[in-house]
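Structure, as structure tokens:
The values are calculated or read from the model by the stated rules, or taken from the named source; none is laboratory data. All figures in this text were calculated on a predicted structure; none of them were measured in a lab. Every residue, glycine among them, receives a Cβ derived from its backbone with ideal geometry; neighbour counts consider all protein chains shown. Heads up: the accessible areas ignore ligands, DNA and RNA and are worked out on the full protein's heavy atoms, side chains in. Shrake-Rupley method; radii C 1.70, N 1.55, O 1.52, S 1.80 Å.
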Amino acid sequence: MELYNYIKSLHLIFVITWFAGLFYIVRLFVYQIEANEKPSPEREILQKQYKIMTYRLWYIITWPSSILASIFAFWLLFFTEMGKAWIQMPWMHVKLGFVFVLYLYQFKCHQIYNQLQKDEVKYSSNFMRLWNEVATIILFAVVFLVILKNAFNWIYGVIGIVLFSLLLMTGFKIYKKIRAKNKS
């Protein structure tokens, strides 16, 4: 049981650093995109610095954290008695579905990362601000699912995630208006 707690602790630590990396990388994308609109030489100086920062975050924190979180999760699921029981439960299948979606999100972020490293700006900073909320929604869904497990009411859970998403969108629109007002 003691080994189980160590593995679970390591899994949680790397899940936290994985999400921290995903939250921050998209914020850096926002800054990179906005730096692209600055006059020269400010644009080049900022772009160079943001490329270094995103590279380090992406390859030293985010990708290793996602891989290590997954390794420890597989260890918990397939090499512990409790994990073998959990893998049979429907809530775990839903959680693994969210983890799959999180990896899809990360692969899309990787594509955006590669584009920005080549100075290809295909998205607006506003799109990136909204894109950043996808990881937030996944985080909320997974945490509630893991904590509530079988007591999780699927209908209320889906309604809650939709309402939470609408709340985030409303907050984004308010923020956008405030930002536009402050620029004037």
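Considering only the range 113-142, how many residues are polar (S, T, N, Q), more than 15 Å from Gly160 (Cα to Cα) and touching a residue at least 12 places away in the same chain (Cβ under 8 Å)?
So the first thing to find is which residues in the range 113-142 are polar (S, T, N, Q), and the list is 114-115, 117, 124-126, 132, 136.
Then drop every residue that is not more than 15 Å from Gly160 (Cα to Cα), which leaves 114-115, 117, 124-126, 132.
Within this subset, residues satisfying the condition of being touching a residue at least 12 places away in the same chain (Cβ under 8 Å) are 117, 124-126, 132.
Residues meeting the conditions: 5.
Check Gln106, Gln111 and return the single one that is closer than 23 Å to Trp131 by Cβ, modelled with pLDDT of 95 or more and in contact with a helix residue (DSSP H, G or I) (Cβ under 9 Å, 6 or more places away or on another chain). Steps first, please.
Working: Gln111 fails: in contact with a helix residue (DSSP H, G or I) (Cβ under 9 Å, 6 or more places away or on another chain).
Selected residue: Gln106, the only one of Gln106, Gln111 that is closer than 23 Å to Trp131 by Cβ, modelled with pLDDT of 95 or more and in contact with a helix residue (DSSP H, G or I) (Cβ under 9 Å, 6 or more places away or on another chain).
Among the residues of the range 143-164, are any touching a residue at least 12 places away in the same chain (Cβ under 8 Å), small (Gly, Ala, Ser) and closer than 20 Å to Phe19 by Cα?
no
Please report, ordered by residue number, the helices (runs of 4 or more DSSP H) entirely within the range 1-87 with at least 1 residues that are open to solvent by less than 60 Å² (accessible area, probe 1.4 Å), at pLDDT 95 or above and basic (Lys, Arg).
Values: elements: 2-35, 42-56, 63-79, 81-86.
Here the list reads 42-56.
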